Structure formats: structure tokens, C-alpha cells
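This report refers to the structure that appears directly beneath it.
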Amino acid sequence: MTDYAYRLLNVFTLDGNRLSGNPLCVFEDGRGLDGATMQALARQFNLSETTFIFPSEKASAAVRIFTPNYEMPFAGHPTLGTAHVVRAVRGAGDAVTLEMKAGVIPVTAHGDHWTLEANAPRYREVDATPYQLAEMLGLRADEVLDGARWVNTGSEQLVIPLRSPDVVCRCRPVAMLLEHYARVDTTRYRAYVFVEMGGVDVRARFFFQATTTMMEDPATGSACANLGGWFLARNTALPLSRVIRQGDEIGRPSRLLLRVDADRRIFVSGQVIELGRGVVSL
């Protein structure tokens, strides 16, 4: 048997709360594991994502990201958390590059606060009316604002502006309609809802389908990056900064920092905390 070391982390934590943010498992060295075994390990840990670190000729490390059900080309909190582990186990310093299926992602740190630079956004139009989106979210038609669009800065998601924080809190997605209107492909359905609360604060939630279950993510870095792309599509004045509040409704309060600079580059930041370590023998 071979031992595979892993670390458990929380990403986008809130004010030093070690049990806030989005959980992540990172395997320090994935060499010797095939895709099916990595998928099985992700299902074993049953976190939103599990990552595996490999050598890379293009970057500080190569990374593969798995949910319990499929592999992803890019995801925000796995990028920040894996960079944290790469720095620790490979002595990579505070400037790390990670080779993913979505490309090479640069990540930098100030202490345990990590920042990724996302890919330039790509867009497609939404094939649904505000009324249909409201029905999908269990809301009234006037509670969904105009401007919903698909955005992809590495992982495509449907970004939907809502009228108020109360509306965000009251969202109750209908699984069948999410599958119809928020379909990325045959197995993935994703909707990111948000409201600007004045100043720099944003309230957001992210819903997705996992097998037959409707799930909610406590902190979604890829969606935060896509929100930056949404602001760019709306010609929002630059530079801009936002603080995204997510996860309160499911008991995992999280804080994500979004910045879009004057050159239209999108950055997502958050705090990373390591909780523990272990070994899996296979």
C-alpha cells in the first residue's frame, strides 16, 4: 500500500473563525493516483471539492479539482487553499502559479490571505425571462432584476441580480426548473444570486445540483470572479472593490473580496486556515 498525505482547510473564513468558510481537502502529492481513484477519494471525503497536487513544467504545481461527482477545470476556494498547501510543502513562497485545466492561475499571499487572478470573462445570453428565473428561484417576478447572464472566468455560472437582501434570503430554488434554466451541461446546473447592499457590500448565494440533491455552497470563489465579469459587462466604473457575504443561510458564514482593476483584471481574495492533516493508505 501507498500512503497519501492530505490537509483539511477552510477557505474564505470570517474574522479568524476556524469553522467558517468553505471546507477543502488537499492531497499533497497525487502521483500514482488515476482519475477514477481521485474521483472516489473526493466522494469519500464528500466536501464540495478535493484537490490533488502534481509536478508541473509550466507552473509551481499542477492541480486537479474534483467534486464528489465530477472534475472541474477551475474553482476559487480550491485554488486559494491549494496554493496555501503548495507554499507549505514545496517552499514556493508567497507567489504561486497553479496549472489547471482552465489554464495557469497566478496566486499571491499576504500572510494567510490569498488572492487569485481569474481569466478574462466570456459570456452567453440567458435563454429565460426574469419571470422564468423568478419561478426557478421560488420568487415573485418583480424580485428578479434585469441583467442576468452566463459568465465564465474559468467555470461557467448563471449570474442573477435580485432586488433586496431579503429576496436573496428567501430564495428556494425548484430543482426541475434549475435543471432547465441553469443548465451548464448534462450533469451540472448552477445559479448565483446576489444583491448590492450599498457601499461595497454584496449578499450572495450559490445553488447547484449534486446527483439528485439541491445543494448550496458556503463560499464560491469562481462565482465571485464571475460577478466581476458581470460588473464588466455592465460597464461599471473601474476600479471597483466588493465584499461578498455568503454562507450565512447554511451556517457557514464566509467573506470573499472581489477587486476589478482599471485594466479590467479580476481578483478574488480570502483568508485560508488549515485545520488538520492525515494520511490515506491505498
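Listing for the model above:
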quantity	calculated
Spatial extent of the chain: Rg and Dmax, with the Cα atoms as the point set, Å	18.0, 59
Packing-based order for 269-277, 218-226, using average beta carbon neighbours within 10 Å, highest first	218-226, 269-277
Carbon + sulfur, % of accessible area of the range 90-175 - ligands and nucleic acids excluded, 1.4 Å	50 percent
For the chain, built as a Gaussian network whose Cα springs stay under 10 Å, the top-fluctuating residue of Phe74, Phe231, Phe267	Phe231
Under the Karplus curve 6.51 cos²θ - 1.76 cosθ + 1.60, θ = phi - 60°, whole-Hz ³J(HN,Hα) for the range 266-280, x wherever Gly or Pro sits	10, 10, 10, 10, x, 8, 10, 10, 8, 9, x, 9, x, 9, 10
Cβ crowding within 10 Å averaged over residues, with 105-117, 30-42 ranked highest first	105-117, 30-42
Highest-MSF residue in the chain out of Leu137, Leu258, Leu177 [GNM, Cα springs under 10 Å]	Leu177
All-pairs alpha carbon distance profile, the range 86-141, 5 Å steps from 0, percent	4, 14, 16, 12, 9, 7, 10, 12, 9, 5, 1
Relative contact order for the range 1-133, counting Cα pairs under 8 Å that sit 6 or more residues apart, in percent	17 percent
Accessible surface, 1.4 Å probe, highest first, among residues His180, His84	His180, His84
Charge dipole magnitude, Cβ of K and R +1, D and E -1 - the range 1-150, Cα centre, debye nearest 20	340 debye
Whole-number percent relative contact order across the chain, with pairs defined as alpha carbons under 8 Å at least 6 apart	22 percent
Cα-based Rg and Dmax for the range 190-265, where Dmax is the largest Cα-Cα distance (Å)	13.0, 42
Within the chain: Cβ-based charge dipole about Cα centre, in debye rounded to nearest 20 (Lys, Arg +1; Asp, Glu -1)	100 debye
Per residue value of the accessible surface for the range 37-188 (all protein chains in place, 1.4 Å probe), Å²	43 Å²
Accessible-area ranking of Arg43, Arg252, largest first, probe 1.4 Å	Arg43, Arg252
Helical contribution to [θ] at 222 nm, DSSP H n ≥ 4, -39,500 (n - 2.57), averaged over the chain, rounded to 500	-6000 deg cm²/dmol
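The values are calculated or read from the model by the stated rules, or taken from the named source; none is laboratory data. Since the model is a prediction, treat every value here as computed from it, not as a measurement. So basically every Cβ, Gly included, is an ideal-geometry build from the backbone, and we count neighbours across all protein chains shown. Calculation scope for accessible area: heavy atoms of the full protein, side chains included, ligands and nucleic acids excluded. Shrake-Rupley method; radii C 1.70, N 1.55, O 1.52, S 1.80 Å.
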